[in-house]
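Encoded as structure tokens, the structure appears first; notes follow it.
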Amino acid sequence: MNNITGMIYNIQSYSIHDGPGIRAIIFLKGCLMKCDWCSNPESQKFSKEIYYSEPRCIKCGLCVSTCPNGALTREETSISVDRSACKKCGHCVEVCPTEAIAFSGRIVTPDEVIAEVNRDWSFIMNSGGGITFSGGEPFEQAEFVSETAKRLKKSGYHIAVETSGYTSYKNIEKCLDYIDLLLFDLKTGSDSLHKKVTGCSNKLILENLKKVYAKVPVIIRIPIIPGINDTEDQLNGMIETISRIDPSGEVNLLPYHQFGKSKYKAIGRCYKLDEIIPPSEEHMKNILRKFVEKGLRASIV
């Protein structure tokens, strides 16, 4: 047990959107899905990666002169990162005075995570809150999540996990005894579209969704992406899927946003949904009405 570690990229304090009350969110790295709208693209790789924030950069050039592999080049308005040449030695991270260059991803032990979240113990507990494991796909690091969640639960924390469902059920099963709530993502109403926009089938996801419903409280979360999964066919498909499992199931509808757009440039990737505009309030209310009319306990969050 003492050798268990996890790869995380952030611990966020004072969240009020990922479970009841005030929560600390533990963001784990690694996801087998590649959703086009992902707002945390730095969560997808299982290893740490260089993160370059141009707005923070003062163009001092210290990182360029320090890099032993020639992976950094000073340009007129920014620093260019050759990620194929980068060996992740960390010399550039150490000398950067503004943290414009940093690692996304760090290896931690359960002890380290627990010590960090315990700083806010009184705020969390007095609010009826807890801890949420998010990602990435947390269940891809099942040993770490299981051990950390078990110990946090012994301290009285409410434990939630946000999952894509795209993982082995054996991974999920290792953690279920220590989970009070699952926030389970549902992306589309058809397998063909799911393959197109996430890179994988939704069959395993739906199998896992059916299994977990009998084990632990579940809230289904649906990101509403205009022009992709907000059509009549897609919405009806998701409503039918949920209703078959639980006719009065709880559903969170999450409007698409572009808050994570700048992260793509920071990790050297292209943002594919640049042309998509976030859904209007009226459009979201119309979608909400469809779910509620079918008896589902839906809300916009």
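We did not get these values from a lab; they are worked out from the coordinates using the rules stated. Predicted, not measured: the structure shown is a model, and the values here were computed from it. Methodologically, a virtual Cβ is constructed for each residue, glycine included, from the backbone with ideal geometry; neighbour enumeration extends over all protein chains shown.
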Here the Cα Rg-to-2.2 N^0.38 Å ratio for the range 145-301 is 1.11
Of every Cα-Cα pair in the chain, the percentage lying beyond 23 Å is 60 percent
Karplus ³J(HN,Hα) for the range 162-169 (6.51 cos²θ - 1.76 cosθ + 1.60, θ = phi - 60°; Hz, whole; x = Gly/Pro) runs 9, 10, 7, x, 8, 6, 5, 4
Phi-derived 3J(HN,Hα) across the range 141-146 with the Karplus relation (6.51, -1.76, 1.60, θ = phi - 60°), rounded Hz, x for Gly and Pro, is 10, 4, 4, 5, 5, 4
Per residue convex hull volume, Cα only, the range 134-180, in Å³ is 61 Å³
Output for the range 15-122 (equivalent-ellipsoid semi-axes, sqrt of 5λ from the C-alpha gyration tensor, Å, descending) is 30, 17, 14
Output for the range 228-298: chymotrypsin sites (Phe, Trp or Tyr not before Pro) sitting in coil per DSSP, at most 10 other Cβ within 10 Å, listed by number, reads Phe259
Charge tally for neighbours of Tyr271 with beta carbon under 14 Å away, counting Lys, Arg as +1 and Asp, Glu as -1, is +2
Reduced to Cα centres, the span from the range 163-192 to the range 58-108 in Å works out to 36 Å
HN-Hα couplings for the range 277-287 via Karplus (6.51, -1.76, 1.60; θ = phi - 60°), in whole Hz with x for Gly/Pro, come out as 9, x, x, 6, 4, 5, 4, 5, 5, 5, 5
Checking His257, His194, His283 against a Gaussian network model of the chain (alpha-carbon springs below 10 Å), the top fluctuating residue turns out to be His283
Projected area averaged over all directions for the convex hull of the alpha carbon atoms of the range 149-219, nm², comes out at 4.7 nm²
Helix 232-245 sits off the longest principal axis of the Cα atoms of the chain, rounded to the nearest 10 on a 0 to 90 degree scale, by 70 degrees
Distance in Å, no decimals, from the C-alpha centre of the range 112-153 to the one of the range 250-269 is 23 Å
Other residues with Cβ under 10 Å from the Cβ of Lys29 give, with Lys and Arg +1 and Asp and Glu -1, a net charge of -1
Among Ile101, Ile16, Ile222, the residue with the largest mean-square fluctuation in a Gaussian network model of the chain built from Cα contacts under 10 Å is Ile16
Shape descriptor, the range 49-104: equivalent ellipsoid semi-axes (Cα gyration tensor, sqrt 5λ, whole Å, largest first) stand at 15, 12, 10
Interchain or sequence-distant (5+) residues whose placed amide H lies within less than 5 Å of the amide H of Ile224 are Leu254, Tyr256
Here the percent of antiparallel bridges among DSSP beta bridges lying wholly in the chain, to the nearest 5, is 35 percent
Exposure-ranked with fewest Cβ neighbours within 10 Å first, Glu137, Glu281 stand as Glu281, Glu137
Over the chain, the sum of -39500 (n - 2.57) across DSSP H runs of at least four, divided by residue number and rounded to 500 deg cm²/dmol, gives at 222 nm -8500 deg cm²/dmol
